[in-house]
Each structure stands twice: as C-alpha cells, then as structure tokens.
1. Can you give me the long-range amide H partners of A:Phe81? Hydrogens built in the peptide plane at 1.01 Å from N, cutoff under 5 Å, separation of 5 or more residues or another chain.
2. So what is the relative contact order of the range B:87-255, in percent, for Cα pairs below 8 Å that sit 6 or more residues apart?
3. Determine, at each q value in 0.10, 0.12, 0.15, 0.23 (inverse angstroms), the log₁₀ of I(q)/I(0) that the Debye formula gives when each Cα of the range A:131-256 is one equal point scatterer.
4. Work out the FRET efficiency for B:Thr58 and B:Glu240 from their Cβ-Cβ distance, taking R0 = 35 Å, and round it to the nearest 0.05.
5. Set the Förster radius R0 to 35 Å, insert the Cβ-Cβ distance between B:Ser247 and B:Ala209 as r into 1/(1 + (r/R0)^6), and round the FRET efficiency to 0.05.
6. Measure of size requested: the Rg and Dmax of the range B:15-84, with Cα atoms as the atom set and Å as the unit; please supply both.
7. Under a point-charge model restricted to the Cβ atoms of Lys and Arg (+1) and Asp and Glu (-1), what is the dipole moment magnitude of the range B:162-237 relative to its Cα centre, in debye to the nearest 20?
8. If one takes the accessible area of chain A alone plus chain B alone and subtracts that of the pair, with a 1.4 Å probe, what total in Å², rounded to the nearest 100, results?
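The values are calculated or read from the model by the stated rules, or taken from the named source; none is laboratory data. Being a predicted model, the structure only gives us computed values, none of them experimental. Here Cβ is always computed from backbone atoms with ideal geometry, including for glycine, and neighbour counts include all displayed protein chains. In case anyone asks, the SASA skips ligands and DNA or RNA and just uses the protein heavy atoms, side chains included. Shrake-Rupley method; radii C 1.70, N 1.55, O 1.52, S 1.80 Å.
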Number of protein chains: 2
Amino acid sequence: MYTWCRKRDGITVEKSSSNTHAARAMIELRQRIFDGSLAGGTRLFEVPLAEELGISRTPVREAMSRLAEEGLLDRARGGGFVVRSFRYKDVVDAIELRGVLEGTAVRLAAERGVDSAALIRIHKTLLRLDRCFGPEPGDVDVESYREFNGVFHEELATLSGSDVVLREIDRVNRLPFASPTAFLPDRGYHPNFRLTLPANQAQHRAIVAAIEAREGARAEALAREHARAARTNLEYFMAEHSNLIGSVPGLALVMN
Amino acid sequence: MYTWCRKRDGITVEKSSSNTHAARAMIELRQRIFDGSLAGGTRLFEVPLAEELGISRTPVREAMSRLAEEGLLDRARGGGFVVRSFRYKDVVDAIELRGVLEGTAVRLAAERGVDSAALIRIHKTLLRLDRCFGPEPGDVDVESYREFNGVFHEELATLSGSDVVLREIDRVNRLPFASPTAFLPDRGYHPNFRLTLPANQAQHRAIVAAIEAREGARAEALAREHARAARTNLEYFMAEHSNLIGSVPGLALVMN
DNA sequence: TTCCGGCACCATGTATACATGATGCGCCGT
DNA sequence: ACGGCGCATCATGTATACATGGTGCCGGAA
C-alpha cells in the first residue's frame, strides 16, 4: 500500500491511498473528466501530469491506457492521449445504445430461456424495489430505489447468458450519463420526479414477465422504451433545468 | 524506423519492421492469437515475451494494453494479461451483436435521414458489387466482392451519423470472425457458395431502399437477417466442414 | 500426519535515463 | 519579402534497475 501526497502550489492539498499509483491516477483522471475540469479535446501530457500527481510517467501511461480502454480517452495520432469529446447527441446515442443492448439481452433471455435460479433472484430484486414505495404517492425511498435499480439492470443483463452482450452493456454503462441509474430521481430533485417511479417499476415487471413468457420481441421493445425514459429526462434537464445538470453524475463533461 | 530480429532456437527466423516496437509486438501477438498458437486462457508473461521478441518489457506492456483495448486480452486479477477465450457460443453472440448494431445504425439512418452525398457514395458501392457478377450463375469475382462488401458495410455504419454507434460497430468488427467479410466465399470455397451471393447483394439493396424510404423497422430487420447469414455459414462450417475452419480468418482461435 | 509460519522467488509496479521522431521557429539565401 | 532548410526543443518510445507484493514451498512443531 502506497500513500500519495498530491501537491498544488507547493502545498499538499490532498492525500489518497490505494493499491497502486496507476490505479489512483486513473481514479483521479476519471474524476477530473467527469466533473468537467478536463474538457473534451484536451491533450494529456505525461510529464506535467506525472509531476502534478507526484509520480513517474510509467503509472501515468498505464492509467491513460486504461482510461482509453474505458472509452474516456482517445489515442492521438502520433502518440499521446486526448480527452474524448461528448456532445449532446453522443449522450442521446449512448442512451439509445444502452436501450438496444439491454433489449438484445432480454430478447435473448426470452428466446433461449433463463436459469430458474437467476429468475428467482431477479424477482427478489423486484420485491425490494416494490418495498421502496410507501403508502402515499410520492412517498419513495429514492436512495434504496437507485441502489436496487442498479442491481436489477445488472441481473437483467446477466439473464441473457451471453458474455459478449454482457461485456458490451458493462462498457456502455461505464459512461456515467448512459447508465441505468444516471437520470433516476435523487434527493436533490423536485418531488414530482418521484411520481414517475411507479411507472418505471411497472416496466421492470413487464420486462421480466415477457422474458418468462418467452416473448422476445415484447421484452426487447419494453427494454428500449425503458431506456427511452432516460432520454426524456435528459431532454427535460437540458431544456428547462440546466441548473441541475451538475447533479447528474458525469453530465458536466458534455459539451454542446 | 527500427528493425527487429526475432530469434527462435537461437537462430534469426524472422525480420520485421514497423514504426515502433510496441506496434510490431501488438501485430505479432494478435497474429498468434488469431492463428490459435496462443490459446484462450493463456497467461502472457512480460519477461519471456520480451526476451522472445528481442525487446524490453515496456513495449510489450504497451502492446498488451492495446490488445486488451481491442478485446483480445483480458486483464487478470492482480495484474497481467490473459488471452481471451472465445467459445462457439461467443462467436454466435458476436455475430448476433453485429447484426443488432448494424440494425441500429440503419434504423437511425432511416429515422433521422441521411446525407445525400453519403447516399450517392453507397449507391456507387452497390453498383461496384453488381459488377462483380458475370453473365452466368456462379460466375462471380469473389475477391472484388469481398473488398466492396467490406466498403459497403463500412459506409452503411457511417450512414447512421452516430459516432457512438459507429465506434461500437468498429469494435465488434475487430473480432475477425464477427466482421461482415468473415464468412464470405473465398477462392478456396466450394463453387456452390458463390450462388448465395446474389441473395446477399439483394439484401444490400433492400437495406438501402428501406433507409431511403425512411422505413426504420424494415431496415433494422433486414440488417439483422443479413448478419444471420454469417451465422448460418458458421454452423455449416462447424458441423460439416470443420476442415475449412482454418480458412476463415480468426476462426482458429475458437475453443469448444 | 497435518497445519502453520516464514522464507525465497517471481511477476508486476515504479522510477529514471536515454533515444528518437515530430514539430515549429528562426535564420539565411534568393 | 518570401520560401526553404536546418536546428532546437519537447513529447513520447524504450531500456533497465530497483521496489513491492503475492504465492508457493519447505520445515518445524503440535
């Protein structure tokens, strides 16, 4: 275990620790990309970065390489890395892509049949989501709902039984604004957002029911429409509530 | 420009040159994975590899990192890389995935509309594909057909106008057995295979027509079915012509 | 005989010095 | 004044030495 003192203006402002320097550099860079302090198109130079992080070039290269794998950096012609630019349309497309991939996962699950143990597990998750709702409308434990929603989508992707599809879903979900949880209501949201959650959960149940009924086309269509809700929220945010953009994880990096 | 002498049994057997050591190491490793000499699950150790390639560990790490990006290597827990295992079902799923992604690309193209210049270009490619057919049935210039088929699929993906979707299509196409050209008839194939090409080209035309007519659902379904032909060929190969497996690029790495 | 602890080795992680290639600027010549 | 050539500088590419941490084996003790 290493310890790490990052200096800014000669004064230690942060101390962090983790397994390796490369891992911490990766986390730090990812953070800076997500919060927008490293804008899209910015070229990353190894030497200044290494100096700033107080480590050598080697782990910096390692970190950048992994971030390229993650899709947050592009390799520049002639070497080096550039922060990937995400425009509004790219966010829309990434959400669309998630819908398509989740749709494929559930269609395959319906067509090929699913393991009964996995089915029991996802039903448990559905119940946990149900229990987030109180007796009154708008009475929702949003924090728990967010958590179990993430679990549900993970289990849904697993139901396909396809490692290839699962891997691609994980990939697109690593873009924070494309993940199933990205536009789910948070504490900071207007209470009215919570009123949309019952419909959300109804879609969850319909998807699982379609899978059990071996209705692949219906499952696929439902999953796509389910993802579409995220796009609706995105459009609402960008148009009328641009002040809330910062509260959606990773939306700050989007350029227009 | 470097030159590179790889030694085996102490004797120089190969000499290769390229821009960087890392690039050549990447090409060499990719080759070994594709032809099956590095089986899935094999762990790659930096030091022996570096010695064998006559370079230092640094470019070897760089090469492995890029191959992980490409999806041919997995990062092992606790560091290091392992050759990714592809089973028969993974090939099936990769082809399915390509169909889904190409379907999405053409659906988006139909729904959102396409640039007329791009449309003219792809029509030219369609004409070039037509010209590969001679007057007699089975009289096909398969080499040219392969080439223009690749161009066609590339242009088709571009029609979507979505960088996000295009990137994912490129990604899946890097798996050689999933690319649109993988199972297209080659010189070595039985002449009967050439009789399937007119139907193949008819699908190409139908997809473009659907896009022009803004029929997104039809375009998507056609593209999926078009990819499905590759799966049919795959099944045929594995079942009855396993001796031909080696002639399909990258199919040698598939384990059962 | 079995289990636990320590030691040794090996693979990766990290730092650093040096090499190389690209790029941009300035000078010189026309 | 303009254009081309060359040099200087900088960023990445590469090699290598050393650090670290995990793992497996061996020996001793219960």
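1. Excluding prolines and chain starts, which carry no amide H, the hits are A:Leu44, A:Ala76.
2. Numbers: 209 pairs, mean separation 65.0, N = 169.
The normalised contact order for the range B:87-255 reaches 38 percent.
3. -0.34, -0.49, -0.77, -1.51
4. That pair, B:Thr58 with B:Glu240, gives E of 0.15.
5. Efficiency, from the Cβ-Cβ distance: 0.60.
6. 11.1, 34
7. 140 debye
8. Between A and B, the summed buried area is about 2900 Å².
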